[in-house]
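Enquirer: I'd like to ask you about the structure that follows.
The values are calculated or read from the model by the stated rules, or taken from the named source; none is laboratory data. Predicted model, so just to flag it, every value in this text is computed and none were measured. We place every Cβ from the backbone using ideal geometry, glycine too, and count neighbours over all the protein chains shown.
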Amino acid sequence: MLREQIVRVVPAAAIPGGEVAIECEGFDTSSLRECRALFGGAAAHLVGLSPSRVLAIVPEELEGGETEVILESADGRRSNPARVVVGRKLAEDLHIVANPAFDPDDGSLYVTRSGSRGQRVPVSIFRVEAGGELMSLNGEIANPTGIAFDSLGQMFVTSRLDGTVYRFTPFHEVVPFARNLGVATGIAFDRVGRMYVGDRTGNIHRVNGVGEADVWALLEPSVAAYHLAFGPDDRLYVTGPTVSSFEAVHRIDEDGRASVFFRGLGRPQGLAFDHEGFLYVAASYRGRRGIIRISPEGSDAALAVAGMNVVGLAFSTAGDMVVATNEAVYSLPLGIAGTLLR
């Protein structure tokens with residue numbers, strides 16, 4: 001029996017650059033320079049280690065998929081292999097500030113090159129085809145932020161620059177749908193098709209079918225953006241980073257009354273539910289960064305996917321989780337079914 005044993009890798013999923021903890025037994029750390037953690041044969045940068053726990057950064061050069069992890073001790077002995085799912089990069093050279101979104105009709109993924117405030121770029125919306133091809137879609141929307149599809153399959157995009165929600169036609173033309181929404185960021189639809197838009201100054205707007213908006217709920221202003229998602233209980237869940245390091249996911253009932261669903265996250269951003277009612281949030285928790293999984297009751301949380309600079313996520317119909325950083329998107333085959341309002 002091997003002396004060095006990997007007990008488990010926590011979390012068992014990561015994107016390149018994420019920090020995972022390798023829990024182990026009998027790891028010889030007498031010579032730190034000779035200790036290694038190998039991911040698919042690539043040596044990881046170690047940020048902490050002991051005989052029972054190794055903190056390692058997932059190598060950037062990994063191609064993605066299920067990857068074998070092995071520890072190599074100071075005396076050259078190797079542990080048993082463990083498995084971790086590493087995200088496969090779909091696209092890069094982006095500037096994403098919220099969740100990407102899947103087209104419910106054809107499964108293609110939409111992402112943004114949002115740019116700094118006021119910046120206009122030649123192409124600001126892209127479509128990632130099922131085969132991974134990146135297609136330029138539109139450059140008319142300045143600072144595109146939130147993306148969402150309604151029950152008819154129409155795509156809507158918010159602009160935090162001009163406070164407008166734009167609708168995409170079947171010919172990929174953009175038409176203003178709702179205006180004067182402040183610093184418009186997050187966007188979501190409820191089960192009856194009503195649109196909700198988060199204005200980072202503190203307003204949550206409810207928008208009817210002809211683009212008329214009313215202030216529906218009030219929250220503390222955000223220093224970045226509001227992110228919205230409806231839960232299986234038909235409540236609206238909202239994150240919006242402030243200057244606090246102990247921030248909350250808010251839950252808003254049908255009358256616009258807000259309460260705290262879960263508190264303890266650092267800079268929470270994009271969020272999404274799975275079909276079992278677990279909430280996934282791009283945030284940090286207890287000093288570790290990535291996608292945090294929160295129980296349906298809001299009673300506990302744990303790191304589900306390790307990653308740095310994570311801003312959002314989305315679930316495909318095939319059960320893949322797409323994780324967005326501020327410059328790239330990755331796909332992880334985790335077999336998680338998300339929720340979809342159709």
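Enquirer: Tell me which residues, restricted to the stretch 63-119, are under 21 Å from Leu161 (Cβ atoms) and basic (Lys, Arg).
Expert: Residues satisfying the conditions are Arg113, Arg117.
This table checks each residue for (1) outside any loop (DSSP other than H, G, I, E, B); (2) buried (at least 17 other Cβ atoms within 10 Å of the Cβ); (3) at negative phi.
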site	(1), (2), (3)
Val192	no, no, yes
Gly211	no, no, no
Val215	yes, no, yes
Val223	no, no, yes
Pro232	no, no, yes
Ser245	no, no, yes
Ala248	yes, yes, yes
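Enquirer: If you don't mind, another one. Return the residue satisfying two criteria in turn: it lies in the stretch 5-40 and is at pLDDT 90 or above and among the basic types (Lys, Arg), and of such residues it is surrounded by the fewest Cβ atoms within 10 Å (Cβ to Cβ).
Expert: Across the stretch 5-40, the extreme among qualifying residues is Arg8.
Enquirer: Being more than 14 Å from Phe102 (Cβ to Cβ), within 24 Å of the chain's Cα centre (by Cα) and not in a strand (DSSP E or B) is true for just one of Arg167, Arg117. Which residue is that?
Expert: Of Arg167, Arg117, the one residue that is more than 14 Å from Phe102 (Cβ to Cβ), within 24 Å of the chain's Cα centre (by Cα) and not in a strand (DSSP E or B) is Arg117.
Enquirer: So the check is Cβ under 7 Å with 6+ separation or different chains; which pairs have a first residue in the stretch 259-279 that's in contact (Cβ under 8 Å) with a residue 12 or more places away in the chain and a second one that's among the aliphatic types (A, V, I, L, M) and not in a strand (DSSP E or B)?
Expert: Every condition considered, the pairs that remain are Gly270/Ala98; Asp274/Ile336; Asp274/Ala337; His275/Ala337.
Enquirer: List every residue pair whose Cβ atoms sit under 9 Å apart, with the two residues 6 or more apart in sequence or on different chains, where the first one lies in the stretch 153-178 and is over 24 Å from Arg200 (Cβ atoms) and hydroxyl-bearing (Ser, Thr, Tyr) and the second, anywhere, is surrounded by fewer than 16 Cβ atoms within 10 Å (Cβ to Cβ) and at pLDDT 95 or above.
Expert: Final answer for the pair search is Thr169/Gln154; Thr169/Val175.
Enquirer: Scan the stretch 55-97 for residues that are part of a loop (DSSP other than H, G, I, E, B) and surrounded by 15 or more Cβ atoms within 10 Å (Cβ to Cβ) and report the count.
Expert: 11
Enquirer: Mind listing just one residue for me: the one in the stretch 115-147 that is of a type in the set (S, T, N, Q) and farther than 21 Å from Gly182 by Cα and, of those, surrounded by the most Cβ atoms within 10 Å (Cβ to Cβ)?
Expert: Among those residues, the one meeting the criterion is Asn138.
Enquirer: Does at least one position in the stretch 321-340 carry a residue that is within 13 Å of the chain's Cα centre (by Cα), surrounded by fewer than 20 Cβ atoms within 10 Å (Cβ to Cβ) and assigned by TED's automatic domain parsing to the domain that holds Ala188?
Expert: yes
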